[in-house]
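Trainee: The structure is given below, and queries will be raised subsequently.
The values are calculated or read from the model by the stated rules, or taken from the named source; none is laboratory data. Everything numeric in this text was worked out from a predicted model, so none of it was measured. Cβ placement follows ideal geometry from the backbone for every residue including glycine, while neighbour counts extend to all protein chains displayed.
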Amino acid sequence: MVHDPVFTLGVTGFYILALTSCQAVGYLPESAGGVRSIYPQRPGRNDGNIYVGTTRNNVMEGSLQRRFNQARKHHVVLGHSRHLWGLAVHPDDDMFATGGHDKNIAMWRRNKLLWSVQGLYECVSLCFHPFGVVLAAGSSEGHLVVLNAENGAPVVTIRVCGSPLSCLGYNPAGDMIAIGSQNGSVYLFRVSRDGFSYKKWNKIRGSQPLTQLDWSTDGCYLQTVTADYDLVFWDIKNVVTEKSPVGMKDVKWYTHNATIGFLVAGIWNNRFYPMASLIVTANRSAAHDLLVTGDADGYLRLFRYPCLSAKAEYNEEKVYSMQIATARFMYNDKNVVTVGGSDATLILWDVIDD
């Protein structure tokens, strides 16, 4: 039995229990980070069961009579501890994945953690294969990392270029992946039917860093948004940039993550905004009737899609202190998931029909 414990803690990941008659030292797994705080699970009871908050945004439960480990049952809360940019939603299940600069990639089913893996590279972008079998991650060092979506096991790692892979997406058939880089180029890889094998096919050179990417429903075109908010179209069949943007007006898009374009013009300079708004992320619902956006000031807005007029009305929430890095509808449009860039906050929203 433990009596009247006094705790000391440190950023090196260990905690010390000091008693009048003895000392016990316990260690957290290295991946959990250092100790930030300790609190008894049942205040007033000397059973030795404690919660430990860590420097990597984890809350772990354990006992002074047994060791902590990395098993999920010991994680009360698992969070990202550095910039959080990567977010992808499963195409036909209630699951989503997150990845950040802490090199951690996690899979969630709503608010339940399914698995997490510690990688070698900072993650800046994520996307699911259309069949949901694998998860592709783009790194800040220019690597494409493909994981088994069921358990997080590594499938393949490919060095694409020396620049961050800021956006990526599979075509509707799932037999090709397009990767947009901060060097302005789009890299195209052939993908096997099961999503587990990759072979470089081509590269289309560009000049400005790319931030968002969408495939057309027929798999013939891409649209991308640059860091300077230019909309660029790419002809995949002829491996060139499209020289006539006006001719792309009627193209049907498999996804719509682009923050600018013919069908989302109303999210800019909207007359109801209290101040000028810089839109950072956008996403169309699966039913093609709603559009969610996030801006540089932390405002999350829900519009009708298409959104053509600057007089378009919207619902608005602000919970982020800075920009919303990415916002995505879940597969059934009943929820929206957002990640908050520099504050590493992950939020799951309910979409309620008024």
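Trainee: Looking only at the range 267-283, which residues are of a type in the set (Gly, Ala, Ser), over 20 Å from the mean Cα position of the chain (by Cα) and under 12 Å from Arg301 (Cα atoms)?
Mentor: If the condition is that a residue be of a type in the set (Gly, Ala, Ser), over 20 Å from the mean Cα position of the chain (by Cα) and under 12 Å from Arg301 (Cα atoms), then Ser277 is the only one that fits.
Trainee: So which residues in the range 334-354 are surrounded by 16 or more Cβ atoms within 10 Å (Cβ to Cβ), assigned to a loop (DSSP other than H, G, I, E, B) and small (Gly, Ala, Ser)?
Mentor: Gly340, Ala344
Trainee: Check Gly206, Gly247, Gly266, Gly195 and return the single one that is at positive phi and either assigned by TED's automatic domain parsing to the domain that holds Cys167 or not acidic (Asp, Glu) (or both).
Mentor: Answer to the check: Gly195.
Trainee: Can I ask one more? Tally the residues that are at pLDDT below 70, of a type in the set (S, T, N, Q) and not in a loop (DSSP other than H, G, I, E, B), restricting the search to the range 49-92.
Mentor: Count: 0.
Trainee: If you go through the range 306-334 one residue at a time, how many are aromatic (Phe, Trp, Tyr) and touching a helix residue (DSSP H, G or I) at 6+ places or on another chain (Cβ under 7 Å)?
Mentor: 0
Trainee: On the basis of being under 17 Å from Thr255 (Cβ atoms), more than 17 Å from the chain's Cα centre (by Cα) and in a loop (DSSP other than H, G, I, E, B), does Ala310 make the cut? Steps first, please.
Mentor: Values: under 17 Å from Thr255 (Cβ atoms): no; more than 17 Å from the chain's Cα centre (by Cα): yes; in a loop (DSSP other than H, G, I, E, B): yes.
Here the answer is no, as Ala310 does not meet what is asked.
Trainee: If we keep just the residues of the range 248-265 that are under 26 Å from the mean Cα position of the chain (by Cα) and among the aliphatic types (A, V, I, L, M), which is nearest to Leu210 (Cα to Cα)?
Mentor: The qualifying residue nearest to Leu210 (Cα to Cα) is Ala258.
Residue-wise test of (1) in a strand (DSSP E or B); (2) modelled with pLDDT under 95.
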residue	(1), (2)
Thr259	no, no
Met275	no, yes
Val280	yes, no
Asn283	yes, no
Gly294	yes, no
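Trainee: Could you figure out which of (1) polar (S, T, N, Q); (2) part of a strand (DSSP E or B); (3) out of contact with any strand residue (DSSP E or B) (no Cβ under 7 Å at 6 or more places or on another chain) isn't true of Asn269?
Mentor: It fails just one condition, (2).
Trainee: Please identify the pairs in which a residue from the range 28-41 that is modelled with pLDDT of 70 or more has its Cβ atom under 6 Å from the Cβ atom of a residue that is in a loop (DSSP other than H, G, I, E, B) and among the aliphatic types (A, V, I, L, M), counting only partners at least 6 apart or on another chain.
Mentor: Gly34/Val11
Trainee: Restricting the search to the range 176-195, which residues are part of a loop (DSSP other than H, G, I, E, B) and either without any contact (Cβ under 8 Å) to a residue 24 or more places away in the chain or surrounded by 23 or more Cβ atoms within 10 Å (Cβ to Cβ) (or both)? Write out each step before concluding.
Mentor: Step one: of the range 176-195, the residues part of a loop (DSSP other than H, G, I, E, B) are 181-185, 192-195.
The answer is Ser181, Ser192, Arg193, Gly195.
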